[in-house]
Amino acid sequence: MAALSTILLGAGLATAAVGTAQSIKSGKQAARYQREAASIQQKQADLQNARNKREAIREARIAYGKSQNTAANQGVSGSSGSQGGLSSIASQAADNVSFLDQYGFFSDQASRALGRASEAQTRANTGAAIANLGFQVAGNASGIANTFRGG
């Protein structure tokens with residue numbers, strides 16, 4: 001009967017090995033798909049960021065043009081007040097674009113960090129599943145053998 005226990009232990013370990021291999025393969029595939037999804041999401045964020053930059057620049061150009069037009073209509077286009085207002089509009093536009101650049105940079109960094117965290121979690125889950133399976137087989141080998149012995 002000890003032979004049956006050994007056979008069952010071997011079969012259990014072989015099954016565990018196959019299951020572990022499949023788990024690792026699936027974990028790697030899931031990580032690849034997560035990286036792919038993160039890359040696509042990053043492209044979406046980049047596209048939105050580019051749109052936001054264009055909009056900020058467009059709004060600044062409109063404000064700049066309106067200010068120039070108003071100053072010209074009032075005959076004060078060369079005044080220091082008019083020039084200061086135009087400089088302020090240009091400065092605010094540059095600040096807005098700089099903010100959007102920094103926001104995009106930090107979004108990139110966050111996306112990469114989340115991807116790495118997800119991959120690490122997948123590896124941790126796989127390791128935990130392997131360890132759990134090993135403990136279950138080792139702890140129940142004699143019980144499994146007794147089940148097949150009929151008692």
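The values are calculated or read from the model by the stated rules, or taken from the named source; none is laboratory data. Just so it is clear, the structure is predicted and the values come from calculations on it, not from any experiment. Positions of Cβ are backbone-derived with ideal geometry, glycine not excepted, and every protein chain shown enters the neighbour counts. Side chains included, ligands, DNA and RNA excluded: accessible areas come from the protein's heavy atoms. Shrake-Rupley method; radii C 1.70, N 1.55, O 1.52, S 1.80 Å.
Being closer than 29 Å to residue 38 by Cα and open to solvent by less than 50 Å² (accessible area, probe 1.4 Å) narrows it down to one of 111, 82, 98, 67, so name that one.
111
Return the total of residues in the range 22-60 being open to solvent by less than 60 Å² (accessible area, probe 1.4 Å) and either touching a residue at least 60 places away in the same chain (Cβ under 8 Å) or under 17 Å from residue 118 (Cβ atoms) (or both).
Residues in the range 22-60 being open to solvent by less than 60 Å² (accessible area, probe 1.4 Å) and either touching a residue at least 60 places away in the same chain (Cβ under 8 Å) or under 17 Å from residue 118 (Cβ atoms) (or both): 10 in total.
Give 102, 42 a once-over and let me know the one that is assigned to a helix (DSSP H, G or I) and farther than 26 Å from residue 124 by Cα.
Values: 42 fails: farther than 26 Å from residue 124 by Cα.
Just a single option satisfies the conditions, and that option is 102.
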